[in-house]
Amino acid sequence: MPIKKEAVLLFSGGRDSSLAAIRLIEMGYEIHLLTFDNGAIEDIARSNLRLAEFNDEIKENIITRKIIHHRFPARRIVDENILIFKK
């Protein structure tokens, strides 16, 4: 039985990450998409639109898609550092 090749791809939905997804699938990989949500609605919207544009062959090879919401921890770090510099 052939070994499945899997890859994790940071996926913004832009040209580079979309092309990387297509190339990985052409190379025989099944992929896990990882998208970071920094609070910019247009970034997540672009990612969602690009996924909708992919054909069925590409979609079959996407195993998972995970959106990581990281804006709140980043905001906390910024707020904490602003307080340090104000002292």
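No value in this document is a laboratory result; all are computed from the given coordinates. No experiment lies behind these values; they were computed from the predicted model shown. Because the Cβ atoms are built from the backbone with ideal geometry, glycine has one as well, and the counts that use them run over all protein chains shown.
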Exercise for review: Would you pull out the residues with amide H under 5 Å of Gly13's amide H, same chain only if 5 or more places away, H placed 1.01 Å from N?
Suggested key: Ser18
Exercise for review: Scan around Val8 for amide H atoms under 5 Å from its own, H built in the peptide plane at 1.01 Å from N, and keep only partners 5 or more places away or cross-chain.
Suggested key: His32
Point to revise | Inter-label distance for Ala7 and Met27, nm, one decimal - labels placed 7 Å from Cα along Cα-to-Cβ | key: 0.4 nm
